[in-house]
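Heads up, the thing below is written out as structure tokens.
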Ligand code: FES
């Protein structure tokens, strides 16, 4: 792209351009950062050593985030590199004039605080739980709650061996919050200790042997809009040996910084999960600038307290809650506790939780 080893491109903007491309539309993405027609080339690169990049949308058309900082490693798409640039991940003043106009969401009797655009904060322990053998389970995020791309269930495993369960032909990311035991996935057994993520491949059934004395809580995030788990009679022996890595332990040594925040990838492509991605993030006392994502997101709050902000409504967030965010919804999660907020995020479809935009 650039034949100079010393010259960096200009950065006309420090977050990506959101663009809707027509079916099979071809564009020339500006890589030098000098074009006046951002994000497209206007010929200003001549003599700089940079060359524009030709990109053609798919036959259905595409919504894309084209890099504006010109530091992406996946041109022309944003890869989140802009977050590492000075001053990008700015903080917002929760007491600013515009934020003072944002009001608390009205109380509801179903344990879900609804803010703007279909976003909500779910008090998991206030949801109705169903029983199957030693397992109690509740719907946290389903199509009935407005989700289009992912669903999430809270699974409480009593000590002992659980019933066999499955989620059909979907990618699954489990988050074990507490306890220890074994998980048998389609005939292959793994020993584990929480907290950790666990990947279950499409078509596989599983069961958990909770060997701790207390109830073990596990969140199951599914890359499809389901309303209920399946309960097969048999575990089966069709473990997908092509993807042997299934456990994703939480490990502070693997954290990467994003400004003041930290995150660690859990279940992702390394485990064979192509479009469902799980991560754990730590948010210090602060309010991020309101932003959007192109993926649907759920956030399991493991620790800390805060506020979920949208355009005109905000809702309290406590440890144990789950937040649901539709695609493109403007939002900002504020941590208000002295100790950092700890959240487990699941995005779908997507493989990079660092990609955000501000348009
Ligand atoms: S705008 Fe350049 S990497 Fe995101």
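With the structure loaded, tell me whether residue 11 is modelled with pLDDT under 95 and in a loop (DSSP other than H, G, I, E, B) or whether it fails that test.
When the stated conditions are applied, residue 11 passes them.
So how many residues does the range 160-178 have that are under 15 Å from residue 247 (Cα atoms) and crowded, with 20+ Cβ neighbours inside 10 Å?
6
Considering only residues that are in a loop (DSSP other than H, G, I, E, B) and farther than 16 Å from residue 172 by Cβ, which ones fall in the range 245-294?
Of everything in the range 245-294, those that are in a loop (DSSP other than H, G, I, E, B) and farther than 16 Å from residue 172 by Cβ turn out to be 250, 251, 255, 259, 260, 284, 285, 289, 290, 293, 294.
Quickly run through the range 29-54 and pick out the residues that are surrounded by fewer than 19 Cβ atoms within 10 Å (Cβ to Cβ) and either outside the structural domain of residue 74 (by TED's automatic domain parsing) or in contact with a strand residue (DSSP E or B) (Cβ under 7 Å, 6 or more places away or on another chain) (or both).
Residues satisfying the conditions are 38, 40, 49, 53, 54.
Identify all residues within the range 298-313 that are touching a helix residue (DSSP H, G or I) at 6+ places or on another chain (Cβ under 7 Å) and either crowded, with 18+ Cβ neighbours inside 10 Å or assigned to a strand (DSSP E or B) (or both); write none if there are none.
310, 313
From the list 79, 95, pick out the single residue that is outside the structural domain of residue 15 (by TED's automatic domain parsing) and either without any contact (Cβ under 8 Å) to a residue 24 or more places away in the chain or within 16 Å of the ligand (Cβ to nearest atom) (or both).
One residue alone meets the criteria, 95.
Mind listing whichever residues of the range 270-289 are surrounded by fewer than 17 Cβ atoms within 10 Å (Cβ to Cβ) and more than 17 Å from residue 341 (Cβ to Cβ)?
Correct list: 270, 274, 275.
Has the range 54-64 got any residue that is away from the ligand (no atom under 16 Å from the Cβ), under 29 Å from residue 287 (Cα atoms) and under 26 Å from the mean Cα position of the chain (by Cα)?
No: the range 54-64 contains no residue that is away from the ligand (no atom under 16 Å from the Cβ), under 29 Å from residue 287 (Cα atoms) and under 26 Å from the mean Cα position of the chain (by Cα).
Hey, residue 156 hits all of (1) in a strand (DSSP E or B); (2) touching a helix residue (DSSP H, G or I) at 6+ places or on another chain (Cβ under 7 Å) but one; which does it fall short on?
(2)
Could you grab me the full set of residues in the range 209-257 that are in contact (Cβ under 8 Å) with a residue 60 or more places away in the chain, over 21 Å from residue 189 (Cβ atoms) and under 17 Å from the mean Cα position of the chain (by Cα)?
Passing the criteria: 219, 221, 222, 223, 224, 225.
Those residues that are on the phi > 0 side of the Ramachandran plot and either buried (at least 20 other Cβ atoms within 10 Å of the Cβ) or under 22 Å from the mean Cα position of the chain (by Cα) (or both), I need them from the range 132-159; list them, please.
Selection gives 146 alone.
For the range 176-198, state whether one or more residues are modelled with pLDDT of 95 or more, out of contact with any strand residue (DSSP E or B) (no Cβ under 8 Å at 6 or more places or on another chain) and under 21 Å from residue 344 (Cα atoms).
No, every residue in the range 176-198 fails to be modelled with pLDDT of 95 or more, out of contact with any strand residue (DSSP E or B) (no Cβ under 8 Å at 6 or more places or on another chain) and under 21 Å from residue 344 (Cα atoms).
Applying the selection to the range 209-229, what residues are part of a strand (DSSP E or B) and closer than 13 Å to residue 135 by Cβ? First the steps, then the outcome.
Applying the first criterion (part of a strand (DSSP E or B)) to the range 209-229 yields 209-210, 216-222.
Those that are part of a strand (DSSP E or B) and closer than 13 Å to residue 135 by Cβ: 209, 210, 216, 217, 218, 220.
Count, please, the residues in the range 67-76 that happen to be near the ligand (Cβ under 8 Å from one of its atoms) and touching a residue at least 12 places away in the same chain (Cβ under 8 Å).
The qualifying residues number 5.
Taking the range 332-359, which residues are surrounded by fewer than 23 Cβ atoms within 10 Å (Cβ to Cβ) and farther than 14 Å from residue 263 by Cβ?
Selection gives 332, 334, 336, 337, 338, 339, 349, 357, 358, 359.
If a residue has to be under 19 Å from residue 126 (Cα atoms), in contact with a strand residue (DSSP E or B) (Cβ under 6 Å, 6 or more places away or on another chain) and not in a strand (DSSP E or B) to count, how many in the range 314-354 make the cut?
1
The values are calculated or read from the model by the stated rules, or taken from the named source; none is laboratory data. Everything quoted here is computed from the prediction, not taken from an experiment. Note that we place each Cβ from the backbone using ideal geometry, even for glycine, and neighbour counts take in every protein chain shown.
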